[in-house]
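Engineer: What follows is a structure written as structure tokens; I'll ask about it next.
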Amino acid sequence: MLISNDFVNEQIDLTLNQSFVPFKPTQEQEAKPTPKPALYLGFVTPANGSFSNRPLSLFFFIVDIVYGEELDNPTPSGSPQLSWQYWDGKEWQQLTIRDETENFTRSGLIEFLPPGDFAPREDFNLPPRYWLRVKWLKGDYDVEPRLKQVLLNTTMAAQTATIQKEIVGSSDGTENQTFQTTSQPILAGQELEVREPEIPSALEKEKILLEEGEK
């Protein structure tokens, strides 16, 4: 990971550093609260020379705050606002994004459609890159965010299994009875169906006696 701050490049090895601060003010900015720092993300030229006309995604892994630990950069509470921009060959333009991170306050996806005039730019003594810039416009964080990972072209997924017609037990009508499913955890939004009392079939009765015994 290469970060640049006040035109000073710094190579970050995420195997040795658990996280890094995306908005690191310079000495001049520390003396003068404005302007806010910015984060630059540079991408090499695609093989075909342009970006495809389909949404791209970046997953930002924000380090969770452990309450009670000593904080490196506590800041006054506020509502941070970030501005995402891209280089069009002449100037920085506003980039429309879908932000699940809520301005870097939690981990999530940043999704955007590459603009048709997205252009490479030589900066920070690097070969031409397609640059995105994230400007910290205003507001403050309770604690300045720390990034652990930035992953390209990702999507959220969950490994799940569907179990149907599972019988978790039978009730004798007493209060506060509990039953457990064979697998946990259960995803939110599932429905539990309770069958009203009725005489069980011979097969069900045989199964109940086998599992529960005579009572």
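The values are calculated or read from the model by the stated rules, or taken from the named source; none is laboratory data. Computed from a predicted structure; not experimentally measured. Neighbour counts are summed over all protein chains in view; Cβ atoms, including those assigned to glycine, are modelled from backbone coordinates with ideal geometry. Just so you know, the surface numbers come from the protein's heavy atoms only, side chains and all, with ligands and any DNA or RNA stripped out. Shrake-Rupley method; radii C 1.70, N 1.55, O 1.52, S 1.80 Å.
Engineer: Once Rh for the range 86-143 is found with the Kirkwood sum over Cα pairs, what is the Stokes-Einstein diffusion coefficient at 37 °C and 0.692 mPa s, in µm²/s?
Structural biologist: 248
Engineer: Label Glu166 and Arg54 with points 7 Å out from Cα along Cα→Cβ: what is the distance between them in nm?
Structural biologist: 3.5
Engineer: Within the range 111-167, which GluC sites (Glu not before Pro) sit in a loop by DSSP and count at most 12 neighbouring Cβ atoms inside 10 Å? Write down the numbers at each step before the final one.
Structural biologist: Numbers: sites: Glu111, Glu122, Glu166; in loops: Glu122, Glu166.
Those that pass, being in a loop and sparsely packed, are Glu122, Glu166.
Engineer: What is the calculated FRET efficiency for Arg195 to Glu100, with r their C-beta to C-beta distance and R₀ = 41 Å, to the nearest 0.05?
Structural biologist: Efficiency computed from Cβ-Cβ geometry: 0.55.
Engineer: Across the range 179-186, in residue order, what do the Karplus-derived ³J(HN,Hα) couplings come to in whole Hz, using 6.51 cos²θ - 1.76 cosθ + 1.60 with θ = phi - 60° and x for Gly and Pro?
Structural biologist: Each residue of the range 179-186 in turn: 9, 10, 7, 6, 10, 9, x, 9 Hz.
Engineer: What accessible area per residue comes out for the range 109-192, rounded to a whole number of Å², with a 1.4 Å probe? If you can, show how the numbers build up before the last one.
Structural biologist: Numbers: 6310 Å² over 84 residues.
Normalised by residue count, the accessible surface of the range 109-192 is 75 Å².
Engineer: Moving on to the next point. With labels modelled as points extended 7 Å from the Cα through the Cβ direction, what inter-label distance (nm, one decimal) is found for Lys207 paired with Ala157?
Structural biologist: 3.4
Engineer: Tally Lys and Arg at +1 and Asp and Glu at -1 over the other residues with C-beta under 15 Å from the C-beta of Lys165: what net charge comes out?
Structural biologist: -2
Engineer: When the chain is fully extended, how far beyond the present Cα-Cα distance does Leu113 get from Gln93, taking 0.36 nm per residue of separation?
Structural biologist: 5.8 nm
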